[in-house]
Amino acid sequence: MADISQEELDDIYTFAVQLGKDAGKMLLEAAKLRMVDDGEEQKEQQHVQKENAVDLVTETDENVEAFIKSRISERYPSHKFVGEESYSKGASRDYLIDDSPTWCVDPLDGTVNYIHLFPMFCVSIGFIHKSKPLIGVIFAPFLNQFFSSCSGRGAWLNETQRLPLVRNPVPPMPARAPSGCVFSCEWGKDRKDHPDGNMHRKIESFVNMAAEVGGRSGRGGMVHGVRCLGSATLDLAYIAMGSFDIWWEGGCWEWDVAAGVAIVLEAGGLVTTANPPEDHLNAPIEEVRLGSRLYLAIRPAGPSPTETGRQTQERTVREVWARVRNLDYSRPGA
C-alpha cells in the first residue's frame, strides 16, 4: 500500500482534531444531563450492560462511537475502523491493526470515572498506517484538556503548547530512576484473587516500585509518587506532557492506547513492552506492537552530561524491568 503524503496526513489530522472536539462535546453534554436534578426521568441510561464489576458500558459510549464512525466513513470510506463498542472483544485472536489506513477509537476511556463524574475521562482517536500510529487526538472535556499530535508536526496541548510542557531544556530521566520519578499504574479489570494472578503480580510490582531503596530484597525503587488516573489514554497523555515519568500497564486494547502512543512518540517519549525479558539488562529495547496488551512508557527526556536523552530513557526501562513481574494478558484464543 502506498505511503500517505505529508499533505494527506495534514488533511487527516485537521479532520481528526475537529472530530475529537465534536465527540468530546457530546461526552460533556451527556455528563451534564446527569448533573441536573429536575425531578424528571433520567435522560441518559447510565448503565446498559456489565461485562464485569469494573467494565461498565454506557449508552453514551455507543452514541459517540456511532457518531465518530459515521463521520469517518463519510470522509474516508476506504479506511478501516476499529472501535471499542463495535468490536466483540472475545471474537478473535488476531491483531486488529495491519498495514491498512486504520482509525482506532475509544469513544469514552475512563468509563468508571465518567459514571462517577470523576473528571479523568476522555475521547481517544488514533490514526494508524502500516501499523504505525501517526495521529493521536485525546480530549478530556471536563478538564478542557485537548491533546493532539501528527507525525512530523509535533505534539500539542490545546493546540498552542508544544509537548512536553514547561521545562526547557527537557530534563533527562533522573540519575537514580525510578527514584525521583512519578510512576503511573492502573489496577485494571482482572481482579481474580489468585495468589499468582495478574492483580497480585501488579500489587507486588507497585510495592517494589514504591518501597525504600534497598528494601524488597534490593528491588525498592523509591519512586517520588504513584498515580492512578483510571484512564490508560490519559496516563499516556500525561507521559507526553512530562507530568508522569513512567507508565507501566497490562491488559489494554488497541483503542486504549493508539492515540496516546502516537502522542507520546511524537513528543519524544519511548514506548516498549511491560514484561521484562529474561536478560533485562542486555535485551534490545524494542518498539512496542499495538495490540500486545503490555505497555511501558517513559516520558520525553533530554541529555545529561554523560548520556543522550534516549540512553536515560533506556536505562529507566531496564530499572523498571528489574522491579516488575511478568503479566499474563494473552489475546483471546491465543
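Which condition breaks for Tyr114 when tested against (1) surrounded by 24 or more Cβ atoms within 10 Å (Cβ to Cβ); (2) modelled with pLDDT of 95 or more?
So Tyr114 meets the others, but not (2).
Quick grid of which residues meet (1) surrounded by fewer than 18 Cβ atoms within 10 Å (Cβ to Cβ); (2) farther than 20 Å from Arg331 by Cβ; (3) β-branched (Val, Ile, Thr); (4) in contact with an Asp or Glu (Cβ under 6 Å, 6 or more places away or on another chain):
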position: Phe244; (1), (2), (3), (4): no, yes, no, no
position: Asn282; (1), (2), (3), (4): yes, yes, no, no
position: Ser292; (1), (2), (3), (4): no, no, no, no
position: Tyr295; (1), (2), (3), (4): no, no, no, yes
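Got a sec? Which of Glu287, Glu278 is surrounded by fewer than 19 Cβ atoms within 10 Å (Cβ to Cβ), modelled with pLDDT under 95 and closer than 23 Å to Val170 by Cβ? Quick ask: steps written out before the conclusion?
Values: Glu278 fails: closer than 23 Å to Val170 by Cβ.
Just one listed residue meets the conditions, Glu287.
Quick test for you: out of Glu8, Glu29, Glu44, Glu51, pick the one residue that is closer than 27 Å to Glu159 by Cβ and at pLDDT below 90.
Numbers: Glu8 fails: at pLDDT below 90; Glu44 fails: closer than 27 Å to Glu159 by Cβ; Glu51 fails: closer than 27 Å to Glu159 by Cβ.
Answer to the check: Glu29.
Of (1) in the same structural domain as Glu204 (by TED's automatic domain parsing); (2) without any contact (Cβ under 8 Å) to a residue 40 or more places away in the chain; (3) over 12 Å from the mean Cα position of the chain (by Cα), Gly269 satisfies all except one. Which?
(2)
Looking only at the stretch 155-170, which residues are within 20 Å of the chain's Cα centre (by Cα), touching a residue at least 60 places away in the same chain (Cβ under 8 Å) and exposed (fewer than 14 other Cβ atoms within 10 Å of the Cβ)?
Passing the criteria: only Glu159.
If Ser205 meets every condition in (1) within 19 Å of the chain's Cα centre (by Cα); (2) surrounded by 21 or more Cβ atoms within 10 Å (Cβ to Cβ); (3) among the polar types (S, T, N, Q) apart from one, which number is that one?
Condition not satisfied by Ser205: (1).
Look through the stretch 174-228, keep the residues that are touching a strand residue (DSSP E or B) at 6+ places or on another chain (Cβ under 8 Å) and in a helix (DSSP H, G or I), and return whichever of them is farthest from Ala301 (Cα to Cα).
Once the filter is applied, the top-ranked residue is Asn198.
From Leu134, Leu108, Leu56, which residue is more than 22 Å from Ser292 (Cβ to Cβ), surrounded by 16 or more Cβ atoms within 10 Å (Cβ to Cβ) and at pLDDT 85 or above?
Leu108
Look through the stretch 208-220, keep the residues that are modelled with pLDDT of 95 or more and within 13 Å of Ala322 (Cα to Cα), and return whichever of them is surrounded by the most Cβ atoms within 10 Å (Cβ to Cβ).
Looking at residues that are modelled with pLDDT of 95 or more and within 13 Å of Ala322 (Cα to Cα), I get Met209.
Any residue that is among the small types (Gly, Ala, Ser) and within 24 Å of Met120 (Cβ to Cβ) - is there at least one of those in the stretch 190-210? Break it down stepwise before answering.
Let us first name the residues in the stretch 190-210 that are among the small types (Gly, Ala, Ser), namely 197, 205, 210.
Still in the running and within 24 Å of Met120 (Cβ to Cβ): 205, 210.
Yes, some residue in the stretch 190-210 is among the small types (Gly, Ala, Ser) and within 24 Å of Met120 (Cβ to Cβ).
The values are calculated or read from the model by the stated rules, or taken from the named source; none is laboratory data. Here the structure is a predicted model, which is why all the values come from computation and not from measurement. Reconstructed Cβ throughout: ideal geometry from the backbone, glycine too, with neighbour counts over all protein chains shown.
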